[in-house]
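S.K.: So that we are looking at the same thing, I have put the structure below in structure tokens.
The values are calculated or read from the model by the stated rules, or taken from the named source; none is laboratory data. Please read all numbers here as calculations on a predicted model, not as lab measurements. A quick note on method: Cβ atoms are made from the backbone with ideal geometry, for glycine too, and the neighbour counts reach across all protein chains shown. For accessibility, only protein heavy atoms count, side chains too; no ligands or nucleic acids. Shrake-Rupley method; radii C 1.70, N 1.55, O 1.52, S 1.80 Å.
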Amino acid sequence: MQTTKAIDLGDPDLYTTLDRHDRWRAYAAEDAVVWSGPGSSPTGFWSVFSHRACAAVLAPSAPFTSEYGMMIGFDRDHPDTSGGRMMVVSEQERHRRLRKLVGPLLSRASARKLADRVRDEVRGVLDGALDGGVCDVATAIGPRIPAAVVCDILGVPEEDQDMLIDLTNHAFGGEDELFDGMTPRQAHTEILVYFDELISARRARPGDDLVSTLLTDEGLDLDDVLLNCDNVLIGGNETTRHAITGAVHALAEVPGLLAGLRDGSADVDAAVEEVLRWTSPAMHVLRVTTADTTVNGQDLPPGTPVVAWLPAANRDPAEFDDPEAFRLDRTPNRHITFGHGVHHCLGSALARIELAVVLRELAERVSTVELLAEPTWLRAIVVQGYSRLQVRFTGR
Ligand code: HEM
């Protein structure tokens, strides 16, 4: 099915309310391919929504590349300057090499080792949140845990971690706020300046962290090391914070979930997978065609940008029964929250551990999670995320 409605799907104003799900559901149900003309992007892009079409665009053998960029706004004539250097926007040999280098630090075994760190962090934030007052999960809990984990992976010394966690929270907290007079973009630049110093320190005294590991590859120059630290920083923070916030949202909304996790009748791993499908924090990924190809009946020449909308695929009724509902009995639960194909998220094991620890700790320490107001959503197109989620926890 092909539709060519004139709608700029890169307009962030379309995503601040739950109407976005109605639009995505309609597009996924008709397996639409939609053209968005110039506006949010310089030359326009096509979009797909169904689980089948998104997986097909991202499939390893599909004639698509991410080397021009993987977000709306980039295309062959307006490429991402990190293309071919940063893992998520590199392909072939370069991509394989970076994945092999960084992979072991984010693997399931490393993620398990980080579980204690995650638990300490969760306990710390819960200590502050269990005072019976109003807790904005989107700012007080969601961001803190992934930021601490990424600091550990990068090898940020303990004395700098609080500062870097604060900067990270601000850099990925949405465009509306100011912090110490800094915009989020400036906070991100501050982090890169800090990484520059960290790289010099690790050159002099290597450790077993990500920075030291990247420095062992003589084919990477300083900018390459910085870019790939930034890839893990962004990958680890921007999305996971919203999945964690969404996990608390699910505990407040889904009857019996909290009690079920506590008494063992609800499976934690199934809950983690459903949180990932239901929250689907990475909103889109973009690819550019490398050859003549046809997508849902639409012929596309080489150099055409195509966007896969992951939350739409994750609620596609052709793949998921009753897709709007949060259900623990989805087997299989073939969500594509972490993407699909060669760029499948390298931090997925880590994100899963973070979510499992949050769910377990809350089940152990909290008897109710009361939603105090409807959540508000970020005005964004890269992530589907919470700007506010106000709850009250009752301790056990
Ligand atoms: C790639 C989502 C957590 C690091 C990706 C991609 C998606 C994604 C959709 C594929 C992008 C593409 O195909 O262009 C998520 C979600 C997360 C999460 C939803 C949390 C719920 C993490 C964490 C880390 C991380 C915790 C690291 C600490 C990366 C890296 C890549 C990646 C390095 C690039 C992989 C490659 O290009 O081969 N992520 N991510 N992510 N993610 Fe994640």
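S.K.: Can you spot a residue in segment 182-189 that is in contact with a Gly (Cβ under 7 Å, 6 or more places away or on another chain), modelled with pLDDT under 95 and more than 12 Å from the ligand (Cβ to nearest atom)? First the steps, then the outcome.
M.R.: Initially, segment 182-189 is screened for residues in contact with a Gly (Cβ under 7 Å, 6 or more places away or on another chain), giving 184.
Checking which are modelled with pLDDT under 95 leaves us with 184.
Right, trim to more than 12 Å from the ligand (Cβ to nearest atom) and you get 184.
So far as segment 182-189 goes, yes, one or more of its residues are in contact with a Gly (Cβ under 7 Å, 6 or more places away or on another chain), modelled with pLDDT under 95 and more than 12 Å from the ligand (Cβ to nearest atom).
To keep it simple, each residue is scored yes or no on (1) open to solvent by less than 30 Å² (accessible area, probe 1.4 Å); (2) on the phi < 0 side of the Ramachandran plot; (3) more than 12 Å from the ligand (Cβ to nearest atom); (4) of a type in the set (Asp, Glu).
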site: Ala32; (1), (2), (3), (4): yes, yes, yes, no
site: Ala55; (1), (2), (3), (4): yes, yes, no, no
site: Gly69; (1), (2), (3), (4): yes, no, no, no
site: Asp75; (1), (2), (3), (4): yes, yes, yes, yes
site: Ser82; (1), (2), (3), (4): yes, yes, no, no
site: Met87; (1), (2), (3), (4): yes, yes, no, no
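S.K.: Do the conditions hold for Leu362, that is, is it open to solvent by less than 50 Å² (accessible area, probe 1.4 Å) and touching a residue at least 12 places away in the same chain (Cβ under 8 Å)? Steps first, answer last, please.
M.R.: Values: open to solvent by less than 50 Å² (accessible area, probe 1.4 Å): yes; touching a residue at least 12 places away in the same chain (Cβ under 8 Å): yes.
In short, yes.
S.K.: Another question about this same structure. Do we find that Ala308 is in contact (Cβ under 8 Å) with a residue 60 or more places away in the chain and within 16 Å of the ligand (Cβ to nearest atom) in this structure?
M.R.: The answer is yes for Ala308.
S.K.: Can you find even one residue in segment 225-240 that is within 10 Å of the ligand (Cβ to nearest atom), open to solvent by less than 20 Å² (accessible area, probe 1.4 Å), in contact (Cβ under 8 Å) with a residue 60 or more places away in the chain and farther than 22 Å from Ser82 by Cα?
M.R.: Yes, there is a match, as at least one residue in segment 225-240 is within 10 Å of the ligand (Cβ to nearest atom), open to solvent by less than 20 Å² (accessible area, probe 1.4 Å), in contact (Cβ under 8 Å) with a residue 60 or more places away in the chain and farther than 22 Å from Ser82 by Cα.
S.K.: How many residues does segment 96-114 hold that are in a helix (DSSP H, G or I), open to solvent by 10 Å² or more (accessible area, probe 1.4 Å) and either free of Cβ contacts under 8 Å to residues at least 40 places away in the same chain or not charged (D, E, K, R) (or both)? Before you say what the answer is, go through the steps one by one.
M.R.: Looking only at segment 96-114, we keep the residues that are in a helix (DSSP H, G or I), and these are 96-106, 108-114.
Retained after the next criterion (residues that are open to solvent by 10 Å² or more (accessible area, probe 1.4 Å)): 96-97, 99-101, 103-106, 108-110, 112-114.
Now restrict to residues that are either free of Cβ contacts under 8 Å to residues at least 40 places away in the same chain or not charged (D, E, K, R) (or both): 96, 100-101, 103-106, 109-110, 113-114.
Residues meeting the conditions: 11.
S.K.: Can you name the residue in segment 40-53 that is under 23 Å from Ser280 (Cα atoms) and open to solvent by 10 Å² or more (accessible area, probe 1.4 Å) and, of all such residues, is modelled with the lowest pLDDT?
M.R.: It comes out as Ser40.
S.K.: Yes or no: segment 243-254 includes at least one residue that is assigned to a loop (DSSP other than H, G, I, E, B) and away from the ligand (no atom under 12 Å from the Cβ). Spell out how you get there, then give the answer.
M.R.: Going through segment 243-254, the residues assigned to a loop (DSSP other than H, G, I, E, B) turn out to be 254.
If we keep only those that are away from the ligand (no atom under 12 Å from the Cβ) too, we end up with 254.
Scanning segment 243-254, I find at least one residue that is assigned to a loop (DSSP other than H, G, I, E, B) and away from the ligand (no atom under 12 Å from the Cβ), so the answer is yes.
S.K.: Next question. Restricted to segment 205-224, and to residues that are in a helix (DSSP H, G or I) and free of Cβ contacts under 8 Å to residues at least 40 places away in the same chain, which residue is surrounded by the most Cβ atoms within 10 Å (Cβ to Cβ)?
M.R.: Leu215
S.K.: If I go through segment 328-356 residue by residue, how many of them are open to solvent by 60 Å² or more (accessible area, probe 1.4 Å), part of a loop (DSSP other than H, G, I, E, B) and either in contact with a Phe, Trp or Tyr (Cβ under 9 Å, 6 or more places away or on another chain) or within 14 Å of the ligand (Cβ to nearest atom) (or both)?
M.R.: 4
S.K.: Out of the residues in segment 267-294 that are part of a loop (DSSP other than H, G, I, E, B) and closer than 16 Å to Gly142 by Cα, state the one that is nearest to the ligand (Cβ to nearest atom). Spell out the reasoning first.
M.R.: Going through segment 267-294, the residues part of a loop (DSSP other than H, G, I, E, B) turn out to be 267, 280-281, 283, 290-292.
So of that shortlist, the ones also closer than 16 Å to Gly142 by Cα come out as 280-281.
On the way: Ser280: 7, Pro281: 5 Å.
Among those residues, the one meeting the criterion is Pro281.
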